[in-house]
Amino acid sequence: TIVLKNGEGSYVADEATLDRLEGEGRVVATYVDNPNGSQRQIAGITNDRGNVVGLMPHPEHAVEDLCGPGTDGLGFFTSILDSLVTH
C-alpha cells in the first residue's frame, strides 16, 4: 500500500508529449493497477535534466509502521539508493 493524495486526479497529456516522455526515459514510475486513470499508467516523471521527479503517489507516507499504513513505500527509496550506488 502506497498512499495516493489525488484519488480523482490523473496524469493527462497529449499523445506527442506521452511519446516524448516515454522515448526520453522520463517516466520513472507507473501504476500496476491504475487507481486514478492516469494516461499510460504514469505515476511519476522527471524534468528535462532528470534531476527533479514529480510523483502522484506518496511513498514517503509509507516508510515506517508507526506513522503510516506500513513500510511498502520504503522499497521505492531503497531502490533509488541501490541504483545510485551501482551506477
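Below, the figures for the structure above:
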| read-out | value |
| --- | --- |
| Test set (1) under 22 Å from residue 83 (Cα atoms); (2) more than 13 Å from the chain's Cα centre (by Cα) - residue 26 fails condition number | (2) |
| Residues of the range 62-79 satisfying the condition of being touching a Ser or Thr at 6+ places or on another chain (Cβ under 8 Å) and either over 9 Å from residue 3 (Cα atoms) or free of Cβ contacts under 8 Å to residues at least 12 places away in the same chain (or both) | 63, 64, 65, 70, 72 |
| Filtered residue count, the range 1-31, keeping only those that are open to solvent by less than 80 Å² (accessible area, probe 1.4 Å) and either of a type in the set (Ser, Thr, Tyr) or in contact (Cβ under 8 Å) with a residue 60 or more places away in the chain (or both) | 6 |
| Whichever residue in the range 32-61 is without any contact (Cβ under 8 Å) to a residue 24 or more places away in the chain and touching a strand residue (DSSP E or B) at 6+ places or on another chain (Cβ under 7 Å) and, among such residues, is least open to solvent (accessible area, probe 1.4 Å) | 44 |
| Those residues of the range 1-33 which are closer than 21 Å to residue 77 by Cα, out of contact with any Gly (no Cβ under 9 Å at 6 or more places or on another chain) and not charged (D, E, K, R), in sequence order | 4, 6, 31, 32 |
| Qualifying residues in the range 38-56 (those that are of a type in the set (Gly, Ala, Ser) and in contact with a Gly (Cβ under 9 Å, 6 or more places away or on another chain)) - the one farthest from residue 14 (Cα to Cα) | 50 |
| Subset of the range 62-87 [assigned to a helix (DSSP H, G or I) and either among the charged types (D, E, K, R) or open to solvent by 90 Å² or more (accessible area, probe 1.4 Å) (or both)] | 81, 82, 84, 85, 86 |
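The values are calculated or read from the model by the stated rules, or taken from the named source; none is laboratory data. Everything quoted here is computed from the prediction, not taken from an experiment. Every residue, glycine as well, gets a Cβ built from its backbone with ideal geometry; the counts of neighbours run over all protein chains shown. Quick note on the areas: whole protein, heavy atoms, side chains included, nothing else; ligands and nucleic acids left out. Shrake-Rupley method; radii C 1.70, N 1.55, O 1.52, S 1.80 Å.
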